[in-house]
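Coordinate-derived values only; no laboratory data. Just so it is clear, the model here is predicted, and its values are computed rather than measured. Please note: Cβ atoms are built from the backbone with ideal geometry, for glycine as well, and neighbour counts cover all protein chains shown.
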Ligand code: SAH
């Protein structure tokens, strides 16, 4: 899978892409990430990518021409990419969207700076706007990295153990159960007895119930869309859940 990142800060990405599972995925050729310098697509001597807003007001706005030129050049390469703009006005990135995007073969990510983009960029060349949360960053670069990392770890071969992505929080619409490792007793706190029992069926059931419980307490909104069976619902109702 190929990610092209349009940015005025192409050097931003070297360190985060050079660590951990993302680095290994790049080294193994499973993903490719190409930061593309937007300034390369300017035509003036000062390599200008932003200008003052029509109508007045604070700050600068990203000019349309360099972004148009860059995306046109990238669109000419195959396979045709999904063109995504990082924007606080976009669709909120959640695991469902991450899963959808993990099926694409190529994604172009457009990173804004300053006050954001000239509206005509959105209108003409963007397929999807994505927000990583209800807050404002200084630029789209961190958001692009969040998207790449979340999407990449779902691509087969990126995580050492394929099973672990399936058990993560959100994979079936629930938060994850509590995890423990050694030592068995730490500062007077014991690992729950059931996890030492070796009874895998009982452990699976305990974990499922813990997932349901933590989701009910912390993110009851997730239960509306989660995949729940009758036993799950009965357990939730015993905890006071009244939805569904
Ligand atoms: N004036 C804009 C914010 C611009 S922030 C507004 O109020 O909507 C500058 C750039 O940072 C944006 O163009 C976008 O690319 C990026 N950015 C900021 N917050 C973001 C978020 N929550 N999700 C994704 N990208 C974001």
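How far is it, in nm, from the label point at residue 80 to the one at residue 43 when both lie 7 Å from their Cα along the line to the Cβ?
Calculated label separation equals 2.6 nm.
Run the simple label-point estimate for residue 96 and residue 28 please: 7 Å along Cα→C-beta, distance reported in nm.
2.9 nm
Note the angle between two axes, namely the Cα long axis of helix 64-75 and the longest principal axis of the Cα atoms of the chain, as a number of degrees from 0 to 90, rounded to the nearest 10.
70 degrees
Angle, helix 200-218 long axis vs. longest principal axis of the chain, Cα atoms, 0 to 90°, nearest 10?
60 degrees
Taking 1 over the mean of 1/r across every pair of different Cα atoms in the range 102-196, what Kirkwood radius in Å do you get?
Final number for the Kirkwood radius of the range 102-196 is 17.3 Å.
How long are the semi-axes of the equivalent ellipsoid of the chain, defined as square roots of 5 times the Cα gyration tensor eigenvalues? Whole Å, largest first.
Working from the Cα gyration tensor, I get semi-axes of 42, 21, 16 Å.
By the gyration tensor of its Cα atoms, with a ≥ b ≥ c the square roots of the eigenvalues, what is the shape of the range 185-238: rounded for a/c under 1.5, prolate for a/b over b/c, or oblate?
oblate
What is the order of 176, 58, fewest Cβ neighbours within 10 Å to most?
The most exposed by this proxy come first: 58, 176.
At what distance in angstrom do the alpha carbon centres of the range 145-184 and the range 30-70 lie from each other?
After rounding, the separation between the Cα centres reads 36 Å.
Compute the long axis of helix 141-152 from its Cα atoms, compare it with the longest principal axis of the Cα atoms of the chain, and write down the angle in degrees, 0 to 90, nearest 10.
50 degrees
On the principal axes of its Cα set, how long, how wide and how thick is the range 127-244? Give whole Å, largest value first.
48, 38, 31
Rounded to the nearest 5, what is the percent of antiparallel bridges among the DSSP beta bridges in the chain?
15 percent
Quick one: order 161, 111 by neighbouring beta-carbon count within 10 Å, fewest to most.
161, 111
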